[in-house]
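Each value in this text was obtained by applying a stated rule to the coordinates, not by laboratory testing. What you see is a predicted model, and the numbers here were worked out from it, not measured in a lab. FYI the Cβ positions are ideal-geometry reconstructions off the backbone, even for glycines, and counts take in every protein chain you see.
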Amino acid sequence: MQVSGTRARLRSLFCLDQKLIAMHCKRMAKISVHLVRVTTDDCEEQLWLAATPREVAVDRVLNAIPEGWAASLVERQLSDEMVDALDMSAGEVRQHKVS
């Protein structure tokens, strides 16, 4: 009985260690999300999000929007909490929809 209890504790600790390692790796591979202002042909403004390096954020958004629309980087930085809440994958680009 003692052996199986020890195994269960070890298994539990192993799972906890795996979760901590995964959380640490996610933090170390922190994704930066940049805000990009898009202006349409009708002069409407949209806000887009780019989970890319800052240097390529505008280019990635320009590839996702219709030709002729304009895009510019917004200087505002998002907090870590906001970036986590967005749950974006590296390289992902999407329009921000306000609900």
- Message: Of Ala50, Ala85, Gln95, which is farthest towards the positive pole of the stretch 34-95's charge dipole, taken about the Cα centre with +1 and -1 on the beta-carbons of Lys, Arg and Asp, Glu respectively?
- Response: Ala50
- Enumerate the calculated ³J(HN,Hα) couplings along the stretch 48-54 in order (Karplus 6.51 cos²θ - 1.76 cosθ + 1.60, θ = phi - 60°), each rounded to whole Hz, writing x wherever the residue is Gly or Pro. 10, 10, 10, 8, 9, x, 3
